[in-house]
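All remarks here apply to the structure that follows.
The values are calculated or read from the model by the stated rules, or taken from the named source; none is laboratory data. Everything quoted here is computed from the prediction, not taken from an experiment. Note that we place each Cβ from the backbone using ideal geometry, even for glycine, and neighbour counts take in every protein chain shown.
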Amino acid sequence: MKHREKPTADTTAYLQRRRMLAVISLAVVAALFAWLTWLIYKWFRVFENDPEAFKSFIDAYGWKGRFIALGIQVLQVIISLIPGELVEIGIGYTFGAVEGTLLCLGGVAAASSLIFLLVKWLGVRLVELFISREKIDQLRFINSEKKLKRLIFLLFFIPGTPKDLFTYFAGLTRIRLHEFLAISLIARIPTVVSSTIGGNMIQEQEYGKAILLFVITGAVSLLGIWLYNRIVTRKNARKEKSDAQQ
């Protein structure tokens, strides 16, 4: 039987430095996210009820306004408590359905990559800044799924699910970054397109069509939330049963 070696003084000091660095890094990230939340909140207070003001704000930057819109989309995904649909509608209102969709997906890809890599680096402590421990435990079945990629696609495809929170949780799973980006972006396309088309309809003053689109989208989202809750409940029950048998 092998005896575990006692840590040397150098090893102990190294581990202490690593823990201290991790705590400092997490504090810096938390402060950055708090600042971004405040900044985004100020923007939304100004533009949430006035898409024309949002368009004027973006247009004031000329061709560079596209980078501003891209940055706003990135910040929205990072600050996952802010509804993504509002940003997508505003970008669709400003740039139209096609370009708006490309800008939104570009912002989602950039933010998802950043979040994924940060979670791989800082681990569950970063995720806990945005997701409660109870919710994390509820979603742990995802990592044990044999068909992980298929499940991630389904969760991102279903309307009404907390996709930005899933982005944080994905970093805790075994999926690789390029796989996650490809799966999640393709799955997000229908919801992003519906939002940017709705924003473009408002800009074109096709209010009847926009209202109909949003009503249909809302109904489908409610159905998606119900389906998501059923999936989570069933998967957790199955995992608990499997754990009890082991």
_region 86-112, residues that are under 21 Å from Ser184 (Cβ atoms), crowded, with 20+ Cβ neighbours inside 10 Å and not aliphatic (A, V, I, L, M)_ = Glu88, Gly92, Gly100, Thr101, Cys104, Gly107, Ser112
*Look through region 167-193, keep the residues that are free of Cβ contacts under 8 Å to residues at least 24 places away in the same chain and part of a helix (DSSP H, G or I), and return whichever of them is surrounded by the fewest Cβ atoms within 10 Å (Cβ to Cβ).*
His178
*Identify the residue in region 159-178 that is of a type in the set (A, V, I, L, M, F, W, C) and under 16 Å from Pro83 (Cα atoms) and, among all such residues, is modelled with the lowest pLDDT.*
Leu165
*Of the conditions (1) at pLDDT 85 or above; (2) aliphatic (A, V, I, L, M); (3) under 18 Å from the mean Cα position of the chain (by Cα), Ala97 clears all except one; give me its number.*
(3)
*Scanning for something among the β-branched types (Val, Ile, Thr) and within 19 Å of Ala210 (Cβ to Cβ), does region 52-69 turn up at least one residue?*
no
*asked:* Between a residue in region 226-237 that is farther than 11 Å from Thr161 by Cα and any residue that is at pLDDT below 75 and of a type in the set (Phe, Trp, Tyr), which pairs come within a Cβ distance under 7 Å, given they are 6 or more apart or on different chains?
replied: Lys235/Phe141; Asn236/Phe141
*Applying the selection to region 197-233, what residues are of a type in the set (Phe, Trp, Tyr) and either surrounded by 15 or more Cβ atoms within 10 Å (Cβ to Cβ) or touching a Gly at 6+ places or on another chain (Cβ under 9 Å) (or both)?*
Phe214, Trp226, Tyr228
